[in-house]
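Computed from the coordinates by the stated procedures, all read-outs in this text should not be read as laboratory data. Being a predicted model, the structure only gives us computed values, none of them experimental. Cβ atoms come from the backbone with ideal geometry, glycine included; neighbour counts cover every protein chain shown.
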């Protein structure tokens, strides 16, 4: 092979790279799925490879439509950064998206328009790092977000202003925030600083330390009004009672860090997504011994990132993952 003695000036290389648009698009790594009772599916994604780490969200009328159309390049909403979480705001025509840039944005669509084009209603960037989680305190009025900056913010989304700011609520990134059932003020957070904490929107300080874990907390969900489950970096899932928070109960060991939990709305069944390709469904009813009632390791070919129970079919679970796939699981139990 001949040695090339051709020297290309560095500034020419930079110009070619700057103007090159090939390979600008990359795979959409699906990060979360949200289902609306009135025929709405929100799927958020991030592009973790390529020249630009962008992200976006796609909205569909149903899960079958989402499974059929999700491979298309065009998305309903394009973002300039990734998105780790999002939710519907009241109806399927309005969504709130959390962005890796630290922004919280509201997007709406006009049903009168022939193209049903989504447009950004407002965006506010007050988090100092990626916004990692969101939950609803009062539908269409107040929402709470948590970020990698360790801050918690309560938003009045009609005015899009932060009405409560918990600065340095945790010393490390907050990966989960969940509002207590039947409450419009109380919520819990889980952080990489090993702690699970209970908060009240009417109080400026933490209400209660629910748990101090021995490793980072990655996700949490309420099982009922008083009991909460959380998963950690070690792959362990625990339950804790807010009435007796000193003694968390170990429920299950998983082979990888627990990333997301999805609680069935009518029964104490929990879908578990870890940092692997496995989808598990566990039973956490006190009347029975803890057990895994469903286990799948073949549907997804990359990490499973989120799960959502179907709003109509009681025993149907939908999952998304970094393989870009939306899968449906039919779970059976007595």
Sequence of 289, 98 once ranked by neighbouring C-beta atoms within 10 Å, starting from the fewest: 289, 98
Percent of Cα pairs exceeding the 17 Å cut-off, where the set is the stretch 37-97: 40
Residue 162-residue 334 FRET efficiency (beta carbon distance; Förster radius 35 Å; 0.05 resolution): 0.15
Using a Förster distance of 45 Å, the FRET efficiency for residue 266-residue 51 (Cβ separation, nearest 0.05): 0.50
Residue among 46, 183, 76 with the largest mean-square fluctuation in a Gaussian network model of the chain, springs linking Cα atoms under 10 Å: 183
Angle between the chain longest axis and helix 10-19 axis [Cα atoms, degrees, rounded to 10]: 60
FRET efficiency, 1/(1 + (r/R0)^6) with R0 25 Å, evaluated for residue 225 and residue 313 via beta carbons: 0.45
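Give me the orientation-averaged projected area of the Cα convex hull of the stretch 209-304, in nm², one decimal.
Convex hull of Cα atoms, orientation-averaged projection: 6.1 nm².
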Residue 253 versus residue 68: modelled label distance in nm, points set 7 Å from Cα along the beta carbon direction: 4.6
Calculated on alpha-carbon atoms, Rg and Dmax of the chain in Å: 21.1, 77
Over 25 Å [Cα-Cα, the stretch 159-318], rounded percent: 30
Top of 32, 294, 143 by mean-square fluctuation, Gaussian network on the chain, Cα under 10 Å: 294
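Assuming a viscosity of 0.890 mPa s and a temperature of 25 °C, what translational diffusion coefficient in µm² per second does Stokes-Einstein assign to the stretch 264-334, Rh being the Kirkwood radius over Cα pairs?
Calculated translational D: 198 µm²/s.
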